[in-house]
1. List pairs: first in the range 626-648 and at positive phi, second in a loop (DSSP other than H, G, I, E, B) and among the basic types (K, R), Cβ under 7 Å, 6+ apart or cross-chain?
2. Take the range 530-541 and flag every residue that is aliphatic (A, V, I, L, M) and in a loop (DSSP other than H, G, I, E, B).
3. Within the group D421, D364, which residue is of a type in the set (D, E, K, R), in a loop (DSSP other than H, G, I, E, B) and over 30 Å from D204 (Cα atoms)?
4. State all residues of the range 601-622 that are closer than 18 Å to L553 by Cα and open to solvent by 20 Å² or more (accessible area, probe 1.4 Å); if no residue qualifies, say none.
5. If A544 satisfies all but one of (1) assigned to a helix (DSSP H, G or I); (2) exposed (fewer than 15 other Cβ atoms within 10 Å of the Cβ); (3) touching a Lys or Arg at 6+ places or on another chain (Cβ under 7 Å); (4) among the hydrophobic types (A, V, I, L, M, F, W, C), what's the number of the condition it fails?
6. Tell me yes or no: at least one residue of the range 390-399 is assigned to a helix (DSSP H, G or I), open to solvent by 60 Å² or more (accessible area, probe 1.4 Å) and farther than 19 Å from S504 by Cα.
7. Check V486 against each of (1) over 27 Å from L251 (Cβ atoms); (2) touching a Phe, Trp or Tyr at 6+ places or on another chain (Cβ under 7 Å); (3) buried (at least 21 other Cβ atoms within 10 Å of the Cβ); (4) free of Cβ contacts under 8 Å to residues at least 60 places away in the same chain and name the one condition it does not meet.
8. Residue pairs, Cβ under 8 Å, 6 or more apart or interchain, first in the range 267-282 and part of a loop (DSSP other than H, G, I, E, B), second exposed (fewer than 12 other Cβ atoms within 10 Å of the Cβ). List them.
Amino acid sequence: MVTPSAEETRPRTSRPGWRLVMLTGLFLIMFFLLFTRLWFIQVAAGKTYQTQASRQTVYQVSTQAPRGEIRDREGRLLATSRFVPAILVDRKQLPTDRVEDVQQQLSTMLDIPPDEIADAFETGGPRITIAEVDAETAYRVMERRRQLPGVVVELVPARVYPEGDVLAHVLGHIGRPSEEDVAERPDIDPNVIIGKAGVERTYDEFLQGDQGTVSYRINARNQVIRELRELPPTQGDTIYLTIDLEIQRELEEVLEGVIDLSNEVKATAEDEYFLHTTERAAGIVLDPKTGEVLAMASYPDFDPSVFVGGLSQNEFEGLNESQAFNNLVIQGEYAPASTFKAVGYVTALEEQMWPEDVTIPGPDGTVECDGRIEFPFGDGSQEVLYDWYYPDAYGSLDLHTSLARSCNIYFWKVALRIWRDYKGTERENLLQDWAREMGFGSTSGIDLPFEHDGLVPDRALFEDLAAEGVIRNTGWQGGDLMNMAVGQGFMLSTPLQLANAYASIVNGGVVWKPHVVQAIRDASGTEVLSNDAEVVRRLDIDPATVSMFRQDLTLIPSIGTARGAFADFGPGLEQVGGKTGTTKGTDTRDPTALFVGVAPVDDPRYVVVLVVEEGGNGGRVAAPGVRRILQSLVGNIPTELVPGEESD
């Protein structure tokens, strides 16, 4: 047996292994390299990296907000927005030496004249919207984006009008700001779509919404490195109109119908000579209790959608030539003709201005409506006027039946009485004063742009026109006042003014500020604007006058100048009133047909005005149109549009 030595039996001491030594060395090398790199970046190459970083900037781009919706009084959609592809040019990413080349390429690909694209570059801001396109065109542009620096395809909100040309003149249309728009609103973005007409224009600030933004980091060559942040846009407020879409559709259908009716009458007329084809008409349905416009239409019209994708010059000129852009309800100025006799009627009652030869003073006194009137003026000369029904005669008529049969002689004599009693005094303008109180001769203040004033003639106007050389310097004569009393001569009214005037009488004397917008609500449904009924003034009119006028209006459709047009009205005719009107024809213009309807007369809720420009006769053409609208409003089945009888 071998016994181990003392050295062999002594415990061995542990020593570091070779792997640990290598790992330690590796870490030392890595720390050394990291330290060296940090030193290089921060010290040796610090200035270089600082220069590169300084050449990177944050670039912020605005994104369009969808315009707010427009709905009728029942919430039915009339205008909204949807997202479509559009071609934009980011000027910051387009090298100066490539501008002309890019313009030319876009012109070819989008089939847009080069000068239009050049104009867009000239008037646009840093980001220019060239055109909204379909998906196929957008794809072709994206395929060539390397050859089109700065050109991008984005989804942008486009205006949509689900009802097409319905309500065109009330809704209006959109477009890019003109020089006049920019001058009027200096803070406007030239690339933002704005309202150009109608509600789109008047309430543009509510419809606009708030633009969004997208932030990018770009390098010195204006190349996008990455997107940093996006703030989405906020859609504009929703506008609720006073318009009832169903009434509106009926009104627009009737306008086209009475134009066709007028042309049928002209084509078959044997004893009358007409110069022109009837092409234009306008109508309005007004609530006399609030001034709310329930329907408003002008024909010819247009589809607001044509402005969304851009309108060619030829298309624009064609629509402009036909006066399709004109809202004749607030811009058309017509002699109101015999519909203006409502003013003479009220003046006679309120001012006790009866014809000199009336049998007894008062509304029941009569005058001879034999179709011809002679009256001497102070210089010894004789004047002779012939009524519209001459050589026929109506015989003795009072104020009530004179209105029903539209006897000019009665109202001429009311004017003649004013002239003889008050010539040269302040009361010479009794008729004008009442007309202006009812709203004639000035804008109504309706919430639509471009409303016209109309015209109420008087001595001061004639003196001004004579001084300007517009008319002969013969001064204001009694014959001029007589012409005005029957809505002829220089007297001019818009259909809206006519509706508002009748409303002010039948509602008891309140002149409302008419309006087409009822309320505006934001995205959360909170009401931001309530367009409450606003009183402009109150007429000092006797309730007995109001009651008498309402009842006398019922005579026109039953026994008066519109009895033929209303023969098939159906139940409730006794609650329907109205007044015919026919302007004088000239050597260059056919007569214009007018009718004002009111229902129900005991508690009026509707005033309807229809004007058929150069349409012929009021009783024959305009009255049937109003009859059909009133049938719908009171719940009767509308009957066919057929000519009424020929009457003033």
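The values are calculated or read from the model by the stated rules, or taken from the named source; none is laboratory data. Keep in mind that what you see is a predicted model, and the values were worked out from it rather than measured. When we count neighbours, we look across all protein chains shown, and the Cβ atoms used for this are built from the backbone with ideal geometry, even at glycine. Just so you know, the surface numbers come from the protein's heavy atoms only, side chains and all, with ligands and any DNA or RNA stripped out. Shrake-Rupley method; radii C 1.70, N 1.55, O 1.52, S 1.80 Å.
1. As it stands, the answer is none, since no pair meets every condition given.
2. Matches in the range 530-541: A533, L539, I541.
3. None of the other options fit; the residue is D364.
4. Across the range 601-622, the qualifying residues are D602, D603, R605, Y606, R620.
5. (3)
6. no
7. (4)
8. L275/T588
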